[in-house]
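Notes to accompany the following structure.
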Amino acid sequence: MAAQSREERRAKVIEVLNTAREMELHAIYQYMNQHYGLDDMDYGELAKNIKLVAIDEMRHAEMFAERIKELGGEPVAASSQKVQRGQEVGTIFTHDSKLEDDTIDTYNQFLQVCRDNGDSITAKLFEQIIDEEQEHLNYFDDVGDHIKELGSTYLARIAGTPASTGGYTRGFTAEGGGE
Ligand SMILES: [Fe+2]
Ligand SMILES: [Fe+2]
């Protein structure tokens, strides 16, 4: 088998970067929708943290786009799937844990694709973003567990807490992971 050309290897990396970007765009729309929903239900603290996570995902989508451009590709603008609307508070966090878990799994496969095609820079980018998805997963798991174990007692503590993230925010992981 003839060795693949540099262009072919680059095209494979651009392809996984674009799939990852579609997944980030979906996460942004999904988390924004949950942010409004939780705000409506008056669970301010949860609304605020999901908004911050959505901002992280936007940063990821941009990082992927920048790398795609560096490699000479064209970033996609469509998201990977439809937003689930009107979720109950109990469903949101198990749903999001699964989304993050699937993302980590997929990005680990993509990281390997980058290595197999000799692109250590993009591999490092995936590594860095996987670390942040892990922080999201830990947070969603924690909240999901609290809701499962404490139910209304936990939610009563959250009800009426402020939803504001202030005028300027760098997102969830940069703000200390919901602390
Ligand atoms: Fe992300
Ligand atoms: Fe995430």
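The values are calculated or read from the model by the stated rules, or taken from the named source; none is laboratory data. Just so it is clear, the model here is predicted, and its values are computed rather than measured. Neighbour counts are summed over all protein chains in view; Cβ atoms, including those assigned to glycine, are modelled from backbone coordinates with ideal geometry. Surface areas here come from the heavy atoms of the whole protein model, side chains and all, with no ligands, DNA or RNA. Shrake-Rupley method; radii C 1.70, N 1.55, O 1.52, S 1.80 Å.
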*Mean-position separation - Cα centroids, the stretch 64-109 and the stretch 14-31, in angstrom*: 4 Å
*asked:* Give me the percent relative contact order of the chain, please, defined on Cα pairs under 8 angstrom at least 6 residues apart.
replied: 33 percent
*What accessible area per residue comes out for the chain, rounded to a whole number of Å², with a 1.4 Å probe?*
53 Å²
_the stretch 62-119: GluC sites (Glu not before Pro) falling in loop per DSSP and having at most 14 other Cβ within 10 Å_ = Glu88
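Compute, for the chain, the length of the dipole vector about the Cα centre, with Cβ point charges of +1 (Lys, Arg) and -1 (Asp, Glu) only. Units Debye, rounded to 20.
Values: 18 positive and 34 negative charges, 98 e Å.
So the dipole magnitude of the chain works out to roughly 480 debye.
Do the sum for the chain: with -39,500 (n - 2.57) for every DSSP H run of n ≥ 4, divided by all residues, what is the mean residue ellipticity at 222 nm, to the nearest 500 deg cm²/dmol? Working shown, then result.
On the way: 5 runs with 128 residues, N = 179.
So the calculated ellipticity at 222 nm is -25500 deg cm²/dmol.
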*asked:* Which residue, Gly44, Thr19, Tyr154, has the largest displacement toward the positive end of the dipole of the stretch 10-158 when charges sit on each Cβ (Lys, Arg +1; Asp, Glu -1)?
replied: Thr19
*asked:* Less than 15 Å Cβ to Cβ from Gln112, Lys/Arg counted +1 and Asp/Glu -1: what total charge do the surrounding residues give?
replied: -1
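Calculate what fraction, in whole %, of the accessible area of the stretch 10-158 sits on carbon and sulfur atoms when a 1.4 Å probe is rolled over the protein chains.
On the way: 3560 of 7300 Å².
Looking at the stretch 10-158 in its full context, I get 49 percent from C and S.
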*First select every other residue whose beta carbon is under 12 angstrom from the beta carbon of Ala65; then total the charges, Lys and Arg +1, Asp and Glu -1.*
-2
_For Cα pairs less than 8 Å apart in space and 6+ apart in sequence, what is the mean separation divided by the residue count of the stretch 31-77, i.e. the relative contact order in percent?_
28 percent
*Using a basic spin-label model with each label point 7 Å from the Cα along Cα→Cβ, how many nm lie between Thr169 and Ala11?*
4.2 nm
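Relative contact order for the stretch 85-179: what percent, with Cα pairs under 8 Å and sequence separation of 6 or more? Write out the running numbers ahead of the final one.
Values: 55 pairs, mean separation 29.7, N = 95.
Answer for the stretch 85-179 is 31 percent.
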*14 Å beta-carbon shell around Glu175, net charge (K/R +1, D/E -1)*: -1
*In nm², what is the average projected area of the convex hull enclosing the Cα atoms of the chain?*
11.0 nm²
_Of Thr173, Gly72, Tyr29, which is farthest towards the positive pole of the chain's charge dipole, taken about the Cα centre with +1 and -1 on the beta-carbons of Lys, Arg and Asp, Glu respectively?_
Gly72
*Can you tell which of Asn117, Ile55, Thr94 lies farthest toward the positive end of the dipole of the stretch 27-149, using +1 and -1 charges on the Cβ of basic and acidic side chains (Lys, Arg; Asp, Glu)?*
Asn117
*Please tell me which of these pairs span more than 24 angstrom C-alpha to C-alpha: Lys12/Lys51; Lys51/Lys82; Lys51/Lys98?*
Lys12/Lys51
*Per-residue SASA entry for Tyr43, accessible area with 1.4 Å probe, Å² rounded to 10*: 40 Å²
